[in-house]
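The numbers here are math on the coordinates, done by the rules we state, and not lab data. These numbers were taken from a predicted model, which means no experiment stands behind them. A quick note on method: Cβ atoms are made from the backbone with ideal geometry, for glycine too, and the neighbour counts reach across all protein chains shown.
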Ligand SMILES: NC(=O)c1ccc[n+]([C@@H]2O[C@H](COP(=O)([O-])OP(=O)(O)OC[C@H]3O[C@@H](n4cnc5c(N)ncnc54)[C@H](OP(=O)(O)O)[C@@H]3O)[C@@H](O)[C@H]2O)c1
C-alpha cells in the first residue's frame with residue numbers, strides 16, 4: 001500500500017454531495033489527492049467542501065457539462081444515485097444514462113481510471129428493488145459500459161457493489177468480499193465503500209475488478225487494501 005500523497009492525479013467525484021460521495025471527497029483529501037467535484041448545486045458543494053476542492057457545476061444530463069467536468073482529470077469516481085421513480089432523478093436518467101455519459105466523456109477526455117458505486121443484486125432482474133424504476137437493471141447497464149470502455153489498454157475500472165448503506169466512520173469493520181453477485185444481504189458503511197474506491201486509484205489488485213462487499217464484525221482496520229486480494233476470481 002502506498003502512503004498518503006502518492007497519487008498525483010486529479011480525481012473528479014460525481015455525486016460528491018451525496019452521503020457516499022462526501023466520504024469519497026473526505027478520503028481523497030485525507031490522502032492529499034486533488035479533487036474536483038461535479039455538482040448540480042454549487043452552493044451545496046461550497047457549503048460542504050469550501051475551498052478544499054474545485055467545483056464544477058452542471059447537469060449529468062448534459063454532455064457538454066459532463067465534458068467540462070472531466071477535462072483534465074486522471075480518474076473519475078461516481079457515487080451518483082437516483083432519488084425518484086421518474087424524471088431527471090430517475091434510475092434511467094441518473095444510474096444508467098448519467099453514469100454512461102460520464103464514462104463516455106471521461107474516456108474521450110483521456111481519463112485513465114473509473115470507480116463506480118453500484119449495488120449488490122444488480123444482476124437479479126427479479127429483485128424487488130427493481131420495482132423502483134428498474135434501478136438494479138439500470139445500474140447493471142451502466143456497469144457494463146464501465147467494463148467495456150475502461151478495460152481498454154492503459155485504462156482501468158473498479159466497481160464496488162455494496163450491501164445496504166449505513167453511516168459511520170471508515171475502517172471500523174472487517175469486510176466480506178465476494179464476486180458473482182452471490183451475496184443476498186448485509187450492510188456496509190458508506191465510508192468504507194468510499195475508502196475502497198479511493199484505494200482503487202493506486203492499489204494494483206483493485207484494477208478491473210467488480211465485487212460485492214459488506215461489513216463483517218466490528219474490528220478496527222489499519223487499511224482496507226488487503227480485501228482486494230480476497231476477491232474470488
Ligand atoms: N441506500 C442503500 O442502501 C444502497 C445500497 C447499495 C447501493 N446503493 C447505491 O449507492 C450509491 C450512493 O448511495 P447514497 O446513499 O450515498 O446516495 P445519496 O446520498 O442519495 O447521493 C446520491 C447522489 O446522486 C446525486 N443525484 C441524484 N439525482 C441527481 C440528478 N438528477 N443529477 C445529478 N446528480 C444527482 C445527488 O445529488 P445531490 O446531492 O445534488 O442531491 C447525490 O450527490 C447510489 O448509487 C445508491 O443507489 C445504495
Check your understanding: What is the P(r) of the stretch 160-233, as percent of Cα-Cα pairs per 10 Å bin from 0?
Key -> 21, 59, 20
Point to revise | Inter-label distance for residue 8 and residue 112, nm, one decimal - labels placed 7 Å from Cα along Cα-to-Cβ | key: 1.0
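Just want the ordering: 28, 46, from fewest to most Cβ atoms lying within 10 Å of their own Cβ.
On the way: 28 26, 46 15.
In increasing order of surrounding Cβ atoms, one gets 46, 28.
Under the rule a/c < 1.5 gives rounded, and otherwise a/b versus b/c splits prolate from oblate, where does the stretch 107-233 land using the Cα gyration tensor?
Working: a/c = 1.84, a/b = 1.07, b/c = 1.72.
Oblate shape, in that a/c is at least 1.5 and b/c is the bigger or equal ratio.
When a footprinting reagent is the concern and you count Cβ atoms within 10 Å, what order do 217, 77 take, fewest first?
Values: 217 7, 77 29.
Ascending number of Cβ neighbours within 10 Å: 217, 77.
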**Study point:** q = 0.21, 0.28, 0.29, 0.32 Å⁻¹, the stretch 111-153: log10 I(q)/I(0) [Debye, one scatterer per Cα]
**Key:** -0.66, -0.94, -0.98, -1.11
Review point. Expressed in nm to one decimal, what extension gain is obtained for the pair residue 127 and residue 205 from 0.36 nm per residue of sequence separation less their Cα-Cα distance?
Key: 25.1 nm
Practice item. At 7 Å along the Cα-to-beta-carbon direction for both residue 52 and residue 230, put a label point, then send me their distance in nm to one decimal. Key: 2.8
Point to revise | residue 221 paired with residue 71, simple spin-label distance in nm, labels 7 Å along Cα-to-beta-carbon | key: 3.8
Practice item. Could you please rank 97, 216, placing first whichever residue has the fewest other Cβ atoms within 10 Å of its Cβ? Key: 216, 97
Point to revise | Three-way shape call for the chain based on the alpha-carbon gyration tensor, with the a/c threshold at 1.5 | key: rounded
Point to revise | Listed peptides 100-106, 36-42 by packing density, highest first (mean Cβ within 10 Å) | key: 100-106, 36-42
Study note, to complete from the structure: GNM of the chain, Cα pairs under 10 angstrom: of 137, 48, 116, the biggest fluctuation goes to 48
Revision key, fill the gap. From the Cα centre of the stretch 112-179 to that of the stretch 17-46, the distance in Å is 19
